[in-house]
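Asks: First the structure, then my questions, so here it is.
The values are calculated or read from the model by the stated rules, or taken from the named source; none is laboratory data. Just so we're clear, the structure is a prediction, and the values are computed from it rather than from any experiment. Neighbour counts run over all protein chains shown; Cβ positions are idealised from the backbone, glycine included. Side chains are part of the model used for accessible areas, which takes the heavy atoms of the whole protein and leaves out ligands, DNA and RNA. Shrake-Rupley method; radii C 1.70, N 1.55, O 1.52, S 1.80 Å.
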Amino acid sequence: MPGFELFGDLERKEVNDVLDNGVLMRYGFDAMRKGHWKAKELEAELEKTFQSKHVQLVSSGTAAVSVALASAGVGAGDEVIMPTFTFVASFEAIMILGAIPILVDIDDTLTLDPKALEHAITPKTKAVMVVQMCGSMANMNALRSVCDKHHLILVEDACQAIGGTYNDKPLGSLGDLGCFSFDFVKTITCGEGGAVVTNNKAYYVNADHYSDHGHDHVGNDRGAETHPFLGYNFRISELNAAVGLAQVKRLPEFLAIQKKHYSIIRETLSKIPEIRFRTVPEGGEESYAFLNFFLPNADIASEVSKAFKTNGIDVCWNYYNNNWHYVRKWHHLKEAKSLYPLSNDIKDELNLLKHKDFSQSDHYISRNISCLIKMSWTEDEVLTRANTMATIIRSLV
Ligand SMILES: *Cc1c(COP(=O)(O)O)cnc(C)c1O
């Protein structure tokens, strides 16, 4: 997955453009910048890549989720439904707005289960956040129909699924708003950066203003801009955007390498009858940033995961005991360890979270192995890796 594996001349050229004129700020300074608008250019590229009318770049993927929710009017007291398996950014981005994260089971897609979603809806539910984890997706038709039925905003976190599609549409373009991360380990990297994508003009204008202190971006005099509403600084810099601009142009090349490496490993592992691959919903195509499979039970998965590590198979994880990505070990969340006071409605929900039954999620996550697909491997390395993985699994199932 990580785009940094393949840095080259294009990245250097784009960054040097910015350093040559010295304008590291994405807005204003028109006379100094000699026609270089890296953030604007990257937004235009991403509109094409993600087939969306509007793209607002921001400082991170986490910022993108907060900006997306804020732009759709989600705030204090609103419930936002999110999956048990994601990155900690999901609940951080919800809680910073004063909204309440409601955690819901995943299914064998490793993403939000539409049935569990429907059970969690209350009169306070305002939005649903689907997280397209590890390069694949939820059953988006099912989620969309639940959201439409209950008049909920669908926010799609596609940070880990850049380049995947559903019914030929790019992941991230299917929700009312989509969010991407271009942090250091994502398929396209800016160092740090993120994007909100939407076809909704009003949401886009909100995102544009909100991510830059509420400035209205009208006219050419920055100092004369007014503030239709309160904002914050979630801006990306020109330097970060320049790296992303080089990377996005190389996305087709990145995706082709990922698919090739993924396919070699998958074909080797598919000869082992005890392995079941993650379910990809009908009409979906993965980004091939990860290969995910299930082993017959939690003990075997744990043994395989350990044996992978001791035999040099890196970048493969069993997330059951992982405290970055899975609810079981999010102790700081369940214990509401906040530096500043949280609202009572958030505290009440976090308290309930300590005892919620997520046995369905446990069932899938405990048996799952998720392997990152690197682009810098040689074909020989991929073949050797695939064979080593198969040998280890065969010896333990
Ligand atoms: C990386 C990631 C984020 C956060 O992105 P940052 O740019 O690191 O803030 C959010 N959600 C998911 C699923 C991610 O993988």
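Asks: Mind checking the dipole of the chain: about its Cα centre, +1 per Lys or Arg Cβ, -1 per Asp or Glu Cβ, Debye to the nearest 20?
Replies: 500
Asks: Using the C-alpha gyration tensor of region 3-145, what are the square roots of 5 times its eigenvalues, in whole angstrom, with the largest one first?
Replies: So the equivalent ellipsoid measures 36, 18, 13 Å along its semi-axes.
Asks: How large is the charge dipole for region 57-209, taken about the Cα centre, if only the Cβ atoms of Lys, Arg (+1) and Asp, Glu (-1) carry charge, to the nearest 20 debye?
Replies: 280
Asks: Under the Karplus relation 6.51 cos²θ - 1.76 cosθ + 1.60, θ = phi - 60°, what is the ordered set of whole-Hz ³J(HN,Hα) values for region 296-313, x standing for Gly and Pro?
Replies: Per residue, the Karplus-derived 3J(HN,Hα) values read x, 8, 5, 5, 4, 4, 5, 5, 4, 4, 5, 5, 4, 4, 6, 9, x, 8 Hz.
Asks: Next question. Using +1 at the C-beta of Lys and Arg and -1 at the C-beta of Asp and Glu, which of Phe182, Met133, Val88 has the Cα lying farthest in the positive direction of the dipole of region 3-250?
Replies: Value: Phe182.
Asks: Can you list the HN-Hα couplings for region 131-143, worked out from phi with the Karplus curve (6.51, -1.76, 1.60; θ = phi - 60°), rounded to whole Hz and with x for Gly and Pro?
Replies: Per residue, the Karplus-derived 3J(HN,Hα) values read 10, 7, 6, 6, x, 10, 9, 7, 6, 5, 4, 5, 5 Hz.
Asks: Please work out the Kirkwood hydrodynamic radius for region 252-396, using every pair of different C-alpha atoms, and report it in angstroms with one decimal place.
Replies: One over the average 1/r among Cα pairs gives 17.2 Å for region 252-396.
Asks: What distance in nm separates the two pseudo spin-label positions at Asp299 and Glu379, each 7 Å out from Cα along the beta-carbon direction?
Replies: Result for the modelled spin labels: 4.2 nm.
Asks: Suppose all protein chains stay in the model; what accessible area per residue would a 1.4 Å probe give for the chain, in Å²?
Replies: On a per-residue basis, the chain sits at 42 Å².
Asks: Right, something else. Got a number for the accessible area of Tyr166? Probe 1.4 Å, square angstrom, nearest 10.
Replies: We get 10 Å² for Tyr166.
Asks: Only Lys, Arg, Asp and Glu count, each charged at its Cβ (+1, +1, -1, -1), so figure out the dipole size of region 234-292 about its Cα centre, rounded to 20 debye.
Replies: The dipole of region 234-292 has a size of about 120 debye.
Asks: Continuing with the same structure: Output the direction-averaged projected area (hull surface divided by four) of the convex hull of the alpha-carbon atoms of region 82-161, in nm².
Replies: So the mean shadow area of the Cα hull is 4.7 nm².
Asks: Which of the cysteines found in the chain have nothing to pair with, since no other Cys Cβ lies under 4.7 Å from theirs?
Replies: If one checks each Cβ against the other cysteines of the chain, Cys134, Cys147, Cys159, Cys179, Cys190 turn up with nothing under 4.7 Å.
Asks: Which one of Ile313, His150, Ala336 is farthest out on the positive end of the charge dipole of the chain, using unit charges on Cβ (Lys, Arg +1; Asp, Glu -1) and the Cα centre as origin?
Replies: Ile313
Asks: Once neighbouring chains are kept in place and the probe is 1.4 Å, which whole percent of the accessible area of region 252-396 is contributed by carbon and sulfur?
Replies: Looking at region 252-396 in its full context, I get 51 percent from C and S.
Asks: Need the list of lysines near Lys329 for cross-linking: C-alpha distance under 16 angstrom, and skip anything on the same chain fewer than eight residues off.
Replies: Lys337, Lys354, Lys356
Asks: If you don't mind, another one. Just for the Cα atoms in the chain, what are the lengths along the principal axes, largest first, rounded to whole Å?
Replies: 69, 52, 39 Å, listed from the longest principal axis down.
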